[in-house]
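The values are calculated or read from the model by the stated rules, or taken from the named source; none is laboratory data. This structure is a prediction, so every number in the text was calculated from the model and none was measured. Quick reminder, even Gly has a Cβ in these numbers, built from the backbone with ideal geometry, and neighbours come from all protein chains shown. The area values use the complete protein model at the heavy-atom level, side chains included, leaving out ligands, DNA and RNA. Shrake-Rupley method; radii C 1.70, N 1.55, O 1.52, S 1.80 Å.
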Amino acid sequence: LDMDKMFWTDVAKKGAILGVLMLASHILEQVLMLNGNTSRMFVAGIEMLVVAVLYIYLMYRFVKGYSNTFSAEEGFSYGRGFTYVVYASLLAGVIVGFGSYVYVHWIVGYGDYIDGMVNMYASIIDSAAMPASLSAMYEGMFEQLESQPEPSVFSTLFSTLWGYIMWGVIIGLIIAGIVKRTPKLFDETDE
């Protein structure tokens with residue numbers, strides 16, 4: 001029972017750290033892209049890669065630190081590591097989902113957000129010098145994007161959670177395999 005409490009406490013702390021980090025990254029990316037040109041989008045792309053690597057590294061360090069609380073006799077199972085990563089990712093997703101909703105709907109305003117996205121994509125298309133047939137197709141897509149109803153907090157949260165759960169499953173499979181330790185069944189010291 002005490003180990004369960006320690007598990008949930010550690011997952012909550014580390015998941016909250018990851019969630020705040022990812023939310024700050026998400027807001028920075030939105031700021032760069034909403035009023036952006038291609039150079040700002042390049043910076044946002046580099047930032048996304050750096051944050052993804054940082055997320056994986058921190059998740060590994062958090063799971064490794066948690067695994068060290070188990071003795072060599074107990075070991076640390078693959079399932080414990082995988083569960084840790086998935087639940088920490090789930091909590092991070094909840095934080096990013098709610099934070100994203102607040103940022104887009106309350107701070108920026110959903111209409112201004114959509115206008116900014118359309119302007120960003122339009123500037124990219126203009127700089128790419130596309131044929132007229134493709135430009136017409138993109139204009140239809142922009143009109144469809146502008147006519148979509150405003151998503152609810154639940155749809156925003158669900159779409160964010162889905163992404164973070166999938167991300168947690170993928171990196172959890174790898175991190176859990178690296179961190180797992182088999183228990184020592186016999187004392188290996190000479191007496």
Which of the residues spanning segment 101-133 are in contact with a helix residue (DSSP H, G or I) (Cβ under 8 Å, 6 or more places away or on another chain) and aliphatic (A, V, I, L, M)? Val104, Val108, Ile114, Met117, Val118, Met120, Ala122, Ile124, Ile125, Met130
Assess whether Tyr103 counts as being in contact with a strand residue (DSSP E or B) (Cβ under 9 Å, 6 or more places away or on another chain) and in a helix (DSSP H, G or I). no
Qualifying residues in segment 39-51 (those that are in contact with a helix residue (DSSP H, G or I) (Cβ under 9 Å, 6 or more places away or on another chain) and modelled with pLDDT under 85) - the one most open to solvent (accessible area, probe 1.4 Å): Arg40
Of (1) in contact with a Gly (Cβ under 6 Å, 6 or more places away or on another chain); (2) open to solvent by 70 Å² or more (accessible area, probe 1.4 Å), Met120 satisfies all except one. Which? (2)
In segment 123-151, residue modelled with the lowest pLDDT [restricted to those that are among the hydroxyl-bearing types (Ser, Thr, Tyr) and open to solvent by less than 70 Å² (accessible area, probe 1.4 Å)]: Ser135
Of (1) assigned to a helix (DSSP H, G or I); (2) within 30 Å of Ile178 (Cβ to Cβ); (3) not aromatic (Phe, Trp, Tyr), Ala72 satisfies all except one. Which? (1)
Report whether or not Thr69 is farther than 30 Å from Ile124 by Cβ, touching a helix residue (DSSP H, G or I) at 6+ places or on another chain (Cβ under 8 Å) and surrounded by fewer than 13 Cβ atoms within 10 Å (Cβ to Cβ). yes
Note on segment 15-38: residues in a helix (DSSP H, G or I) and exposed (fewer than 15 other Cβ atoms within 10 Å of the Cβ) are Val20, Ala24, Thr38
Neighbours by Cβ (under 7 Å, 6+ apart or cross-chain): first from segment 107-124, assigned to a helix (DSSP H, G or I); second acidic (Asp, Glu) and loosely packed, with under 15 Cβ neighbours inside 10 Å: Tyr110/Glu150; Ile114/Glu146; Val118/Glu146
